[in-house]
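The values are calculated or read from the model by the stated rules, or taken from the named source; none is laboratory data. It should be emphasised that the depicted structure is a prediction, and the values quoted were computed from it without experimental measurement. Glycine also receives a Cβ, built like all others from the backbone with ideal geometry; neighbour counts cover every protein chain displayed.
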Amino acid sequence: MLLNRSATAPEESDWLSLLPTLGRTGVALSFLESNEFRTGMISAFYGNFLLRPPDALGLAAWVASGQSLDQIRQGFEMSDEFFTNG
């Protein structure tokens, strides 16, 4: 499960209606580019790299940054906090 949860009935219906237009690849890409997926991944970066839960402002800033998840991961790995916790 990409979002660590089941879809609601309305969500499932909406995505099924988009499938003919977007195709499987388009639907999958929509999930991977969603703020919900980014929030989960960035929250995991906080736990894995900084050994703490995310702070609300920092999390929101990273999610809205427009950077790829790879760029964000690199940002965590280059931070002073990462080296302090390592």
Point to revise | Residues of segment 30-55 that turn out to be modelled with pLDDT of 95 or more, of a type in the set (A, V, I, L, M, F, W, C) and farther than 18 Å from Ser79 by Cβ, as a count | key: 1
Point to revise | Filter result (in a helix (DSSP H, G or I) and either surrounded by 11 or more Cβ atoms within 10 Å (Cβ to Cβ) or among the small types (Gly, Ala, Ser) (or both)) within segment 20-34 | key: Leu22, Gly23, Gly26, Val27, Ala28, Leu29, Ser30, Phe31, Leu32
Revision key, fill the gap. When restricted to Phe83, Phe76, the only residue among the aromatic types (Phe, Trp, Tyr) and either surrounded by 13 or more Cβ atoms within 10 Å (Cβ to Cβ) or in contact (Cβ under 8 Å) with a residue 12 or more places away in the chain (or both) is Phe76
Practice item. Give segment 49-70 a look and list any residue that's exposed (fewer than 12 other Cβ atoms within 10 Å of the Cβ) and not charged (D, E, K, R), or say none. Key: Pro53, Ala56, Leu57, Ala61, Ala64, Gly66, Ser68
